[in-house]
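Worksheet: the structure to be examined is printed underneath.
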Amino acid sequence: MFPCMPKHRQPVVIVEGSGAVVRDVEGKEYIDLFAGYAAVNVGHVHREVVKAVTYWVSRIHHTSYDYYNIPSAVLAEELVKILPMRGEKKVFFCVSGAEANEGALKLARKYALKSRGRPGLEVLSLRYSFHGRTHLTAALTGQSKYKKGMASLSVIPGVKVIPAPYCYRSPVHFSDPTECGEFYAYMVEDVIRFETSGDVGAFIAEPVLGEGGIIVPPKNYFRIVKKILEDHGALFIADEVQTGFGRTGRWFGIENFDVEPDVVTMAKGLTSGLPLGAIGARAEVANSFEPGDHSSTWGPNVVSTAAAVAVIKVLKEEKLHERARVLGEYFMKGLKEIQEENPLVGDVRGLGLMIGVELVSDVGRKTPAVKEALEVRERMREKGFLIGVGGAYGSTLRIEPPLLISKEQIDKALTALNEVLREVR
Ligand code: PMP
């Protein structure tokens, strides 16, 4: 076992999956409430994905960017139809979310140089964010725990991490979410004005901060930020690696905020189980890359892109994003009922089927209940449910199941969670 593996690896050997259920090597079944880090949006081993992958895996696996292949071309066409920007768009394929973000940041800097003759070296991100584990993406990630013992990640020139609208834990008290949204949006203006030279290439943000603990910014936040970025000539990169492909009840998370980004990065739910990342950008921005400026060997991989084409078809036909919205509300309602009775539950928040339950050992002080959260995960596993634990304070239960989870499965999860939270309290 490599030391870089997650330290909380669960003692389960998964050998099979179907829909929202996985089975371990001993035949025990689990309802999967975490979908492999919020990735398997269309469910495990969806027949359409199997069909597409099987068709191409016996014909050709890989062609490289020097040649065309059919699934990657079809995928590009499908993506430009659904990307949340108007006008002409272009896409680029790579292998992971981190790689998509790295590429997007390179693109933003090239665009700054081309459009205004300055390199756009300064790049902004949010506290509590997660953008990947490569050098620049880890530097932009607003959580020290991903940089521990790797100081080089916190001294990369040009990176500015800005306080984010985690309203539940904000040291400033607000009477409503709109005030919180305004306050933290103006932090972006403040940092640009007082901490940069004014040559800001891009601001990268997750529409809902996933690894940070499912932090949902107030509805007005991104609109104000976008205006500030436009005033300073900086691009808005929406990191949709976790929020994309129906997870939040819309195709892309940013659509919940009525804002158009300049660049969108994707991975996870894009294939729902095979390695693929993508960058989508307004054509004017995308055209800043000259041929050869950027590439990735496996990028337009035939099998992965074929899986993604199937995923988009399934999401459209089964309207899974709409289902995520309805079932997400249902799930949250049940969780809020649990919260009313159980003071261990400090906050329930989310959008669609991207839900966070923050546990606190003292409601007034909001003391993070880290040990309790880990115990909840363990007891839930014993009862046959896989659940995520994380967040900036390590005390948030992450509920991000496959989007085709049924109401009955949600009811079972709510019953189990209610029991376990009572026991642990
Ligand atoms: N961005 C976000 C928002 C993510 O949630 C993740 C993965 N948790 C990444 C980037 C990195 O993706 P990958 O692991 O595919 O590199």
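The values are calculated or read from the model by the stated rules, or taken from the named source; none is laboratory data. Predicted model only: the values in this text are computed from it and were never measured. Every residue, glycine among them, receives a Cβ derived from its backbone with ideal geometry; neighbour counts consider all protein chains shown.
Some observations on this one:
- Elements of type helices (runs of 4 or more DSSP H) contained in the range 23-92, each with 1 or more residues being more than 16 Å from the ligand (Cβ to nearest atom) and more than 30 Å from R398 (Cβ to Cβ): 47-57, 70-82
Rundown of residues vs (1) touching a residue at least 12 places away in the same chain (Cβ under 8 Å); (2) touching a strand residue (DSSP E or B) at 6+ places or on another chain (Cβ under 6 Å); (3) crowded, with 16+ Cβ neighbours inside 10 Å; (4) within 28 Å of G350 (Cα to Cα), yes/no style:
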{"position": "A139", "(1), (2), (3), (4)": "yes, yes, yes, yes"}
{"position": "Y146", "(1), (2), (3), (4)": "yes, no, yes, yes"}
{"position": "S152", "(1), (2), (3), (4)": "yes, no, no, no"}
{"position": "G158", "(1), (2), (3), (4)": "yes, yes, yes, no"}
{"position": "P163", "(1), (2), (3), (4)": "yes, yes, yes, yes"}
{"position": "A185", "(1), (2), (3), (4)": "yes, no, yes, yes"}
{"position": "S197", "(1), (2), (3), (4)": "yes, no, no, no"}
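- Given (1) at pLDDT 95 or above; (2) within 16 Å of the ligand (Cβ to nearest atom), index of the condition Y146 fails: (1)
- Applying the condition of being in contact with a His (Cβ under 8 Å, 6 or more places away or on another chain) and among the hydrophobic types (A, V, I, L, M, F, W, C) to the range 183-220 and asking which residue is farthest from the ligand (Cβ to nearest atom) yields I192.
- Residue count, the range 43-75 (criterion: within 27 Å of the chain's Cα centre (by Cα) and surrounded by 20 or more Cβ atoms within 10 Å (Cβ to Cβ)): 9
- Whether a residue is within 13 Å of G212 (Cα to Cα) and assigned to a loop (DSSP other than H, G, I, E, B) was assessed, and P157 does not pass this test.
- Subset of the range 310-337 [surrounded by fewer than 19 Cβ atoms within 10 Å (Cβ to Cβ) and β-branched (V, I, T)]: V326
- If the condition is being surrounded by 20 or more Cβ atoms within 10 Å (Cβ to Cβ) and either under 19 Å from R425 (Cα atoms) or aromatic (F, W, Y) (or both), then the range 378-407 contributes M380, F385, I387, G388, V389, G390, Y393, S395, T396, L397, R398.
- When the range 137-154 is filtered for residues that are in a helix (DSSP H, G or I) and touching a Phe, Trp or Tyr at 6+ places or on another chain (Cβ under 6 Å), only A138 remains.
- When residues in the range 28-51 are screened for being touching a strand residue (DSSP E or B) at 6+ places or on another chain (Cβ under 9 Å) and either modelled with pLDDT under 95 or not hydrophobic (A, V, I, L, M, F, W, C) (or both), 8 of them pass.
- If you go through the range 119-134 and keep only what is more than 15 Å from the ligand (Cβ to nearest atom) and either assigned to a loop (DSSP other than H, G, I, E, B) or without any contact (Cβ under 8 Å) to a residue 60 or more places away in the chain (or both), you end up with P119, G120, L121.
- Annotation note: of L344, L270, L359, the sole residue that is within 16 Å of the ligand (Cβ to nearest atom) and at pLDDT 95 or above is L270.
- If the condition is being under 28 Å from Y166 (Cα atoms) and small (G, A, S), then the range 380-415 contributes G388, G390, G391, A392, G394, S395, A413.
- Residue within the range 384-395 that is of a type in the set (S, T, N, Q) and in a helix (DSSP H, G or I) present: no
- Members of the range 93-116 found to be within 16 Å of the ligand (Cβ to nearest atom), over 17 Å from the mean Cα position of the chain (by Cα) and surrounded by fewer than 22 Cβ atoms within 10 Å (Cβ to Cβ), listed by number: K106
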